[in-house]
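J.: Quick one: structure below, then a few questions.
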Amino acid sequence: MESARIIATVARIVRDVGIAEEIAQDALVSALEQWPRSGVPERPGAWLTAAAKHRAVDLVRRRETYARKLAEVGRTLTEESYDPEPSGPGDIDDDVLRLVFTTCHPVLSADARTALTLRLVGGLRTDEIARAFLVREATVAARITRAKRTLATAGVEFEVPYGEERVARLGSVLEVVYLIFNEGYAATAGDDLLRPGLCEDALRLARGLAALLPGEGEVHGLAALLELQASRTAARTGRDGQPVLLADQNRSRWNRLLVRRGFAALERAGDGRTYGPYALQAAIAACHARAASYEETDWATIAALYGQLGTLAPSPVVELNRAVAVSMTAGPAAALPLVDALAAEPALAGYHLLPSVRGDLLARLGRSAEAGAEFERAASLTRNARERELLLGRARALRGR
């Protein structure tokens, strides 16, 4: 939970994100050694940050360039606290936002930027990042290793980009924030469906970006999307932690404040005719938020918006979502060929939602045995225990028909 903040703080001292990550990990090792004896401190995050800063200071002292580093940092590093540098006009006040912009440096490829930032800022494992990209874990691991090496070789510092340089990095930054939120909203693995800390971090970053860049429509589009998605969080699981499908959610538990914030951000995203990918997704989420019940959802508009999104940002996942919307307007028989056409997509080969959607369509068509088999296949592909239980439960229910 504290990883991104610690890495960001240390990176400002050592000016190297790879070394900053190692120092943050060393601080955690110290905590694992000391806390069982001394007890967990009242503010564990502050303890970890202080331990990491002390290690950073020791490292700087050992360097021959210690005097120059002191001048760059602009203060004596031996004090207990480390205050951020004064902000200038248009500066990025949040250390984590600084870290995001630094790891999204144009010296890296787009894929490498996103993978490295998800690792350092989101604290995601390589398997979780691989799921977000729909690629192999080994590919992600190689990207992260190369990215750290490239930043170090190029001498990229922990800096604040301005003007055109900031705009050039914005696309990667938005993608990172979006993927961090997605991992929190539907965890790749583990015993819990949600990882609320990641959702909160992504929301804070999106709001900070919206304040920093008020004239960028897609920034507001992303903020709107995350606000609207986060509004459903309390209704997405039951008291036992089991997932609750959208059709069964108690909409009175949706956070109306976040819904209003989402609507306001979507208005700031610009004219609907000029929406980018994030604003289009926010418009889809807004259709759900406006509906008083699942049955009253404007699925025709949602299907049309997914069509626009597929044209603007083609993706097999977008097509899968469009097929779901089509099934709600034209029926499951019309949507099933759309889903079957996606079976040959390499990116969806291990994607558990493909057989899950197909199973739902088959169940609605009365083809219970086939639907059960699809739900069992989907359960075998997911590494999230809660999702697996839900899918197996649906398969068992179909066997009794």
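J.: What nm value, rounded to one decimal, do you get for the distance between Arg290 and Gln25 when each label is placed 7 Å out toward the C-beta?
T.: A separation of 4.9 nm, rounded to one decimal place.
J.: If you don't mind, there's one more thing I want to ask. Please report, largest first and rounded to whole Å, the three semi-axes of the ellipsoid equivalent to the stretch 169-303, where each semi-axis is the square root of five times an eigenvalue of the C-alpha gyration tensor. Don't skip to the end; give the middle numbers.
T.: Details: eigenvalues 112, 72, 28 Å².
Values for the stretch 169-303, descending: 24, 19, 12 Å.
J.: Separation of the stretch 6-32 and the stretch 310-350 by C-alpha centroid, Å?
T.: Spelled out, the Cα-based centre of one part sits 43 Å from the other.
J.: If R₀ is 25 angstrom, what is the calculated FRET efficiency for the pair Phe263 and Ala330, using the beta carbon separation as r and rounding to 0.05?
T.: Working from the Cβ atoms, E equals 0.30.
J.: Per residue, how much accessible surface does the chain expose to a 1.4 Å probe? Answer in Å², no decimals.
T.: That works out to 46 Å² for each residue.
J.: Rg and Dmax of the stretch 285-339 over Cα atoms: what are they, in angstrom?
T.: 11.1, 31
J.: Using just the C-alpha positions of the stretch 232-369 as equal point scatterers, what log10 of I(q)/I(0) does the Debye formula give at each q in 0.09 1/Å?
T.: Scattering profile of the stretch 232-369, log10 relative to I(0): -0.30.
J.: Convert 4 °C to kelvin, take the viscosity as 1.567 mPa s, use the Kirkwood radius over C-alpha pairs of the chain as Rh, and evaluate the Stokes-Einstein diffusion coefficient in µm²/s, rounded to a whole number. Could the numbers behind the result be given before it?
T.: On the way: Rh = 22.9 Å.
After rounding, the answer is 57 µm²/s.
J.: Under a plain spin-label model, where a point goes 7 Å from the Cα along Cα-to-Cβ, how far apart in nm are Ala304 and Arg383?
T.: It is 4.1 nm.
J.: How do Thr139, Thr117, Thr9, Thr145 rank by accessible surface area computed with a 1.4 Å probe, from largest to smallest?
T.: Putting Thr139, Thr117, Thr9, Thr145 in descending order of accessible area: Thr145, Thr139, Thr9, Thr117.
J.: What distance in nm separates the simple spin-label points at Val40 and Ala369, each placed 7 Å from Cα in the Cβ direction?
T.: 5.2 nm
J.: When the Kirkwood hydrodynamic radius is evaluated over all pairs of different C-alpha atoms of the stretch 318-393, what value in angstrom, to one decimal, is obtained?
T.: Across the stretch 318-393, the inverse of the average 1/r is 12.3 Å.
J.: With just the Cα atoms defining each centre, how far is the stretch 122-164 from the stretch 268-306? Give it in Å.
T.: 32 Å
J.: Moving to a separate point now. Scan the stretch 136-189 for trypsin sites (Lys or Arg not before Pro) in coil per DSSP, keeping those whose Cβ has at most 15 other Cβ atoms within 10 Å, and list them by number.
T.: On the way: sites: Arg136, Arg143, Arg146, Lys148, Arg149, Arg166, Arg169; in loops: Arg136.
When the trypsin sites (Lys or Arg not before Pro) of the stretch 136-189 are filtered for loop state and at most 15 Cβ neighbours within 10 Å, Arg136 remain.
J.: Where the Cα atoms of the stretch 206-263 are projected onto their three principal axes, how long is each span, largest first, in whole Å?
T.: Rounded to whole Å, the extents work out to 42, 17, 15 Å.
J.: Carbon and sulfur: what percent of the stretch 230-335's accessible surface (1.4 Å probe)?
T.: Details: 2660 of 5170 Å².
For the stretch 230-335, the apolar C and S fraction of the accessible surface comes to 52 percent.
J.: Can you give the log10 of the normalised intensity I(q)/I(0) at q = 0.13, 0.15 Å⁻¹, computed with Debye over equal Cα scatterers of the stretch 151-236?
T.: Results for the stretch 151-236 at q = 0.13, 0.15 Å⁻¹ read -0.49, -0.62.
J.: Tell me the relative contact order for the chain as a rounded percent, counting alpha carbon contacts under 8 Å between residues six or more apart.
T.: 11 percent
J.: Further, regarding this structure: Sequence gap at least 6, Cα distance under 8 Å: using those rules, report the relative contact order of the stretch 136-275 to the nearest whole percent.
T.: Details: 131 pairs, mean separation 26.4, N = 140.
Relative contact order of the stretch 136-275: 19 percent.
J.: Roughly how large, in nm² to one decimal, is the mean projection of the convex hull of the alpha-carbon atoms in the stretch 95-148?
T.: 3.2 nm²
J.: With each run of n ≥ 4 DSSP H residues scored as -39500 (n - 2.57), what mean residue ellipticity at 222 nm is computed for the chain after dividing by its residue count and rounding to the nearest 500 deg cm²/dmol?
T.: It comes out at -21500 deg cm²/dmol, rounded to the nearest 500.
The values are calculated or read from the model by the stated rules, or taken from the named source; none is laboratory data. Being a predicted model, the structure only gives us computed values, none of them experimental. Cβ sites come from the backbone with ideal geometry, for glycine too, and all protein chains shown count toward neighbours. Side chains included, ligands, DNA and RNA excluded: accessible areas come from the protein's heavy atoms. Shrake-Rupley method; radii C 1.70, N 1.55, O 1.52, S 1.80 Å.
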